[in-house]
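Q: For reference, the structure I am asking about is given below.
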Amino acid sequence: MGTTLSFEALTVKFTIKEDKYQILFGRQLSDELTNILVLNDQTFNSMLDQNESTVEVMLIKENDSAVLNKIKTEDMVIYDKTVLITLCKGEDVFVFLTFLIIGSISILCSWFILFIKIMSEYNHLIEKYKFLSIIGMNEAQRKKSIVSEFKLIFVLPLYISTPTGIMYFLITYFQSSSVYQLKEISTFLGYLTILILIQFLFYISVKKNFLVKLNKDVVLNNEGGGTYFENI
Amino acid sequence: MKIFNAIKLTKEYRNSGDRKKTMGIMDIDLEIDSGDFIAVMGKSGSGKSTLLKIMGTIDIPTSGYILIKGDRVSYNNSEKLAMMRRREIGFIFQDFYLINTLSIKENIMLPMILDGKDGKVASEITKKNAAYFDIVNIIAKYPYEISGGEKQRVAICRALSNNPDIILADEPTGNLDSYSTKKVIDSLLMLNQEYKKTVIVVTHDPLLASFCKKAIFLKDGKIEREIESSDDQQEFHKRILDTIIDIDSSFTEKAT
């Protein structure tokens, strides 16, 4: 089974294999399929430069005989499925990676800002907790209060950003007609897990160091009669 | 009944740089009866704030000890100390120490919440006390929205939250104008006379001290003199001024 199809100055003879028609991608003009042609990668790439702006991705029903007849009988250009998938995936992966990089930079910046914020407010926090200790806040209550404040700073953004990231991924996944494969999904989930883990470790580390420093500064149980609360 | 006893209290500070010792207070013996209203006076550095901190268990004496309601204060158990500060002692500071992110009502409720009281109960007590101290109209506001005098009355109200027997005030009128000072003095008198609290006030202000039942004068970390009121506030005010001049002149004589 073979066919000869023309595109501009090119006339190429193709052997059409049945399974190639299961899913096809082609140029879509208004609501109808026109100018569809199956090409090999080399020819397709050479043509793409001329037609890039009009290339669209679309799905043709499996074994749609009307479409297949249309392809065979009319003057159509059919693009090879794998080439287009690679092209689409490449674009999506590029967008995906761009978002990951921007996201990573944002997260790193937010950590830095949070760290600076905590350190710059440290003296104010010391004063606050000294006062609260004076009116009867014990160590357990102090720890609980600080942990709550830190959770709000560290964990709340994670609660917001994680579902947002997953939602973005799912929207992209469905919009791209399943061009994402298991590999990409695994990469995304792996990256997300690493971010959450790093965020969690950062939170634990800052919280621990802060509590140690705060306890040292708020309560000074000096031997031989030191000051219990300094400078208040 | 003795509510507070200090036995041979001494407090030395070490300078952070050369580790030299500085004397805060020295061999102070003090007995305070329940329901007293006492002013602790003296120049800056005389040791009055140090004494107040030790009385409030927020500072540890170098030697000597204190008894609150007959119980010797131990500094080894921080949980017990925190509970004592929460339930037995109310603090009033010169700088108010109100938390700006909390409303006035929440600031007043704070010691009760720390003590594990139910929110509804705490709210009721707050409303009742706020009515006594004429701050009902501001309890929904935030500290940065009210005047200094109002802030101090909020602090007084907060000190009363857990119904402690002892109220310690460190320069409560130090940052206030004369109108607000009068209001705060009235509030402190109310604490002592109507709520029957033992009030100990550290102050430089002879007017505030003249409303107290007793004035203790500290000098160089020691109690220099004690005078008691004869229930005539103006006469006591005059005696306080005379005592200050007398103590100052003895210093001048020594210097010359």
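Q: Give the residues of region A:123-167 that are aromatic (F, W, Y) and surrounded by fewer than 14 Cβ atoms within 10 Å (Cβ to Cβ), sorted by residue number.
A: A:Y159
Q: Could you list, in sequence order, the residues of region B:58-76 that are within 14 Å of chain A (Cβ to nearest Cβ) and of a type in the set (G, A, S)?
A: B:S63, B:G64, B:S74 - these are the residues of region B:58-76 that are within 14 Å of chain A (Cβ to nearest Cβ) and of a type in the set (G, A, S).
Q: While we're on this one: Under the condition of being of a type outside the set (K, R) and more than 24 Å from B:E79 (Cβ to Cβ), which residue from region B:109-124 is nearest to the other protein chains (Cβ to nearest Cβ)?
A: Taking the candidates together, the pick is B:S123.
Q: Only residues in region A:122-148 that are facing chain B (nearest Cβ under 8 Å) count as the first member; pair them with residues that are among the charged types (D, E, K, R), Cβ under 6 angstrom, at least 6 apart or cross-chain, and list the lot.
A: Listed pairs, sorted by first residue: A:G136/B:R85; A:G136/B:R86; A:N138/B:E79.
Q: For region A:100-116, which residues satisfy the criterion of being surrounded by 12 or more Cβ atoms within 10 Å (Cβ to Cβ) and not polar (S, T, N, Q)?
A: Answer for region A:100-116, where residues must be surrounded by 12 or more Cβ atoms within 10 Å (Cβ to Cβ) and not polar (S, T, N, Q): A:L100, A:G103, A:I107, A:W111, A:L114, A:F115.
Q: State which residue is surrounded by the fewest Cβ atoms within 10 Å (Cβ to Cβ) when the search covers only region B:77-94 and only residues that are more than 9 Å from chain A (Cβ to nearest Cβ) and assigned to a loop (DSSP other than H, G, I, E, B).
A: Ranking the candidates gives B:N77 first.
Q: Which one is nearest to B:S210 (Cα to Cα), of the residues in region B:224-243 that are surrounded by 14 or more Cβ atoms within 10 Å (Cβ to Cβ) and out of contact with any helix residue (DSSP H, G or I) (no Cβ under 7 Å at 6 or more places or on another chain)?
A: Here the residue is B:R239.
Q: Across region B:14-57, what is the number of residues that are touching a His at 6+ places or on another chain (Cβ under 9 Å) and among the aromatic types (F, W, Y)?
A: Count: 0.
Q: A further question on this structure: Within region B:1-57, which residues are in contact (Cβ under 8 Å) with a residue 12 or more places away in the chain, within 14 Å of chain A (Cβ to nearest Cβ), more than 14 Å from B:G221 (Cβ to Cβ) and outside any helix (DSSP H, G or I)?
A: B:G56, B:T57
We did not get these values from a lab; they are worked out from the coordinates using the rules stated. The structure displayed is predicted, hence computed values, not measured ones. In this analysis, Cβ positions are derived from the backbone assuming ideal geometry, glycine residues included, and neighbour counts consider all displayed protein chains.
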